[in-house]
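In what follows, a structure is listed as structure tokens, so that the remarks can point back to it.
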Amino acid sequence: MHTDHRITSIQTARIATHYPRTVGRNARLPSHGSGFSSTVAVVHTNAGASGWGILGGPLDGCEAVIGLPLADIFDPSEGVTHPSALPLDFALHDLAGVILGKPVHALLGGDGDRPVTCYSGAIYFDDLDPVDVPRGIAAVLANCASDWAVGYRAFKLKIGRGFRWMDAEAGFARDVEVTRAVRDAYPDARLLVDANNGYTPAETVRYLRAVSDCDLFWVEEPFHEDAAGLTLLREYLASSGSRTLVADGEYQPDERQLLDLAEQGLLDVLLMDVVSYGLTAWRRIMPTLRELDVAASPHAWGMPLKMLYAANIAAGLEGVITVEGVPGATEGVDAGAYSLAEGSLDVPDLPGFGLTLTASVAEADGFTPTL
């Protein structure tokens with residue numbers, strides 16, 4: 001890292017995520033809508049370099065890094081080293097890549113597979129909407145067809161309709177029906193399912209038994225992390241000869257608990273969020289996951305930008321099994337260097353994340369002192 005770079009200012013900008021359709025409910029939450037706005041940070045140095053990225057937390061406290069040498073807050077070999085700079089995790093990785101002339105995935109080691117396999121994470125409970133005239137399973141199949149058309153070859157299906165939105169038995173039956181319908185329509189697609197903690201351990205086993213011939217790639221967050229429940233699930237999978245993986249760790253992750261469960265052989269894939277957990281944290285934990293023979297798949301739902309960050313992690317760090325895809329576009333960002341085809345996302349070899357911020361930026365109050 002060049003030692004003559006000091007942080008001189010931090011700016012902010014607003015970007016807007018747009019989905020190609022309204023995304024419906026999951027087991028616990030109402031409709032996810034058709035998009036939303038987010039704040040990104042742009043970090044500048046006295047040598048004229050800049051990098052940007054989605055904020056990983058409030059900017060409060062980041063003024064502490066103004067005037068500091070970049071080398072005092074960021075190490076290319078490990079990520080952010082100053083606690084006050086953690087909300088700038090992605091902006092600083094982008095900045096380091098720009099200064100060094102390297103893509104972020106190369107900063108991470110370039111040890112992952114490329115292109116990166118990617119599934120659509122946007123198959124929600126659209127069969128239940130609109131409430132007055134539900135569209136039924138045809139809506140789910142239409143969403144799969146839409147995502148297939150733009151290049152996805154794998155789908156993650158939300159299950160758990162009986163937790164909140166339907167009678168328990170009717171919801172369970174619909175979960176099974178949807179799974180079978182998508183498998184019949186896409187016999188060669190990779191299918192994943194996600195209950196968002198809407199099942200019990202017994203219901204999870206019952207569901208997997210009911211769709212045992214559908215060759216599910218993984219079951220995600222079937223219930224809140226619990227050793228006894230996961231043991232029951234693992235025993236079923238082993239006794240049935242199922243290849244289905246168990247993925248967990250997205251919602252309010254307790255890192256120590258997740259590692260303990262993984263060490264017991266109860267989890268196959270960890271899913272901590274790309275942004276809220278952070279790129280620096282993923283860099284730190286990946287060697288441990290490799291020692292435990294546990295795969296990673298950083299949770300990316302919500303923003304196409306997070307999908308691209310996750311793809312850089314996958315290309316840079318060995319052990320990412322697949323990446324969650326978020327169909328849609330980001331207003332204010334040129335992501336044209338990335339391309340999705342036949343279920344794989346091509347990650348560019350451009351400096352930083354290879355993303356151009358086109359949104360207007362503004363100085364954040366108090367972040368541009370005279371040096």
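Only the coordinates and a few stated rules stand behind these numbers; no lab work does. If you're wondering where the values come from, they're calculated on a predicted model, not measured in any experiment. Every residue, glycine as well, gets a Cβ built from its backbone with ideal geometry; the counts of neighbours run over all protein chains shown.
Some points to look at:
- Within the chain, percent of DSSP bridges classed antiparallel, to nearest 5: 60
- Relative exposure of Met286, Met307, Met166, judged by other C-beta atoms within 10 Å (fewest first): Met166, Met286, Met307
- Along the axis of the charge dipole computed for the chain (Cβ charges of +1 for Lys and Arg, -1 for Asp and Glu, origin at the Cα centre), the listed residues Ala181, Ser344, Val269 are led at the positive end by Ala181.
- Once the Cβ-Cβ distance of Asp215 and Ala49 is raised to the sixth power relative to R0 = 51 Å, the FRET efficiency obtained is 0.60.
- Separation in nanometres of the label points that stand 7 Å from Cα toward Cβ, at Arg21 and Ala173: 2.4
- Ranked for footprinting exposure by Cβ neighbours inside 10 Å, fewest first, Arg25, Arg6 give Arg6, Arg25.
- On the beta carbon distance between Asp349 and Ala238, with R0 = 41 Å, the FRET formula returns roughly 0.45.
- With 0.36 nm allotted per residue and the present C-alpha distance subtracted, the Ser37-Thr288 stretch has 86.9 nm of extension available.
- What the phi angles of the stretch 65-76 give under the Karplus curve with 6.51, -1.76 and 1.60, with θ = phi - 60°, is a coupling list of 8, 5, x, 7, x, 4, 5, 7, 10, 8, 10, x Hz, glycine and proline written as x.
- Backbone geometry of the stretch 336-351 corresponds, through the Karplus equation with coefficients 6.51, -1.76 and 1.60 at θ = phi - 60°, to 3J(HN,Hα) couplings of x, 6, 9, 9, 10, 8, 6, x, 10, 9, 8, 9, x, 9, 8, x Hz, x marking Gly and Pro.
- Counting 0.36 nm for each residue step from Arg256 to Arg135 and taking away their Cα separation leaves a gain of 39.3 nm.
- Note on the stretch 241-320 and the stretch 9-52: Cα centroid distance 22 Å, given to the nearest whole angstrom.
- Counting other Cβ atoms within 10 Å as a rough exposure proxy, the listed residues Lys156, Lys102 run Lys102, Lys156 from fewest neighbours to most.
- Based on Cα contacts under 8 Å between residues 6+ apart, the chain shows a relative contact order of 24 percent.
- In sequence order, the stretch 173-179 has phi-based couplings of 4, 5, 4, 5, 5, 4, 4 Hz under the Karplus curve 6.51 cos²θ - 1.76 cosθ + 1.60, θ = phi - 60°, and Gly or Pro positions carry x.
- A cut-off of 5 Å between modelled amide H atoms, ignoring neighbours fewer than 5 places along the same chain, links Ala122 with Lys156.
- Cut-off 14 Å between beta-carbons: net charge of the residues surrounding Asp184, Lys and Arg +1, Asp and Glu -1: -2
- Arg164-Asp113 pseudo-label distance in nm [points 7 Å out on the Cα-to-Cβ vector]: 3.4
- In the chain, the DSSP-assigned H stretches of four residues or longer account for a calculated mean residue ellipticity at 222 nm of -9000 deg cm²/dmol, using -39500 (n - 2.57) per stretch and the full residue count as denominator.
- Which labelled figure in (i) 171; (ii) 129; (iii) 143 is volume of the Cα convex hull per residue in Å³, once derived from the coordinates: (ii)
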